[in-house]
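Working notes, structure below.
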Amino acid sequence: MTTTTVKPPTWFWVVSVIALLWNLMGVFNYLSQAFNKQLILEGLDEAQREVFEGIPAWATAAFAIAVFAGALASIGLLLRKKWARPLFILSLIAAVAQFGHWLFISSAVEVFGPSTYAMPVIVILIGIYLIFFSKQGIQKGWLK
């Protein structure tokens, strides 16, 4: 019995590497917030500090799940594994939960202004794209 592998196009690898770099930036951002909290707080005014300190543990956990699942999913793309897709879905769900708190429960928009919406929108759109990208990879036989 012979198996044939479908070789992905060059752009698949380009998108996969960009996805990994994007998600590693998220991991770096999470780790910076987790381990440099005092330094971050020193750069904020009183209202901003209150918003940042008011982030509940579940929202912080959602942030961690979002970035680490996204980074693992991106590694899955580079390894051509179809388990990348469920991890991208998990990452998006966690990001939506985290940003739901940030935008609609906390007073972040009032304190930081309307530009607070920019990063959540970008992250969610990229998350949706990566889910569809990995689905396409599965359908075309690039991911096994």
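The values are calculated or read from the model by the stated rules, or taken from the named source; none is laboratory data. Note that the structure is predicted; figures quoted are calculated from it, not measured. As a convention, Cβ positions derive from the backbone with ideal geometry for all residues, glycine included, and neighbour counts pool all protein chains shown.
Values for this structure:
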item: Residue count, the range 41-73 (criterion: more than 15 Å from Ala94 (Cβ to Cβ) and at pLDDT 95 or above); result: 0
item: Hits in the range 86-107 (condition: within 20 Å of Ile126 (Cβ to Cβ), among the small types (Gly, Ala, Ser) and surrounded by fewer than 21 Cβ atoms within 10 Å (Cβ to Cβ)); result: Ala97, Gly100
item: Some residue of the range 5-12 being assigned to a helix (DSSP H, G or I) and either more than 24 Å from the chain's Cα centre (by Cα) or touching a residue at least 12 places away in the same chain (Cβ under 8 Å) (or both); result: yes
item: Residues that are part of a helix (DSSP H, G or I) and loosely packed, with under 13 Cβ neighbours inside 10 Å, drawn from the range 48-85; result: Glu53, Ala57, Trp58
item: Selection status of Leu20, of a type in the set (A, V, I, L, M, F, W, C), modelled with pLDDT of 95 or more, within 11 Å of the chain's Cα centre (by Cα) and assigned to a helix (DSSP H, G or I); result: yes
item: Selection from the range 29-43 of residues that are exposed (fewer than 12 other Cβ atoms within 10 Å of the Cβ) and in a helix (DSSP H, G or I); result: Ala34, Phe35, Gln38, Leu39, Glu42
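For (1) outside any helix (DSSP H, G or I); (2) farther than 15 Å from Val15 by Cβ, each residue gets a yes or a no:
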position	(1), (2)
Gln98	no, yes
His101	no, yes
Val109	no, yes
Thr116	no, yes
Met119	no, yes
Ile124	no, yes
Tyr129	no, no
Ile138	no, no
Lys144	yes, yes
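Conditions (1) hydroxyl-bearing (Ser, Thr, Tyr); (2) closer than 26 Å to Asp45 by Cα, marked per residue:
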site	(1), (2)
Ala84	no, no
Ile89	no, no
Val96	no, no
Leu103	no, yes
Ser115	yes, yes
Tyr129	yes, no
Gly141	no, no
Lys144	no, no
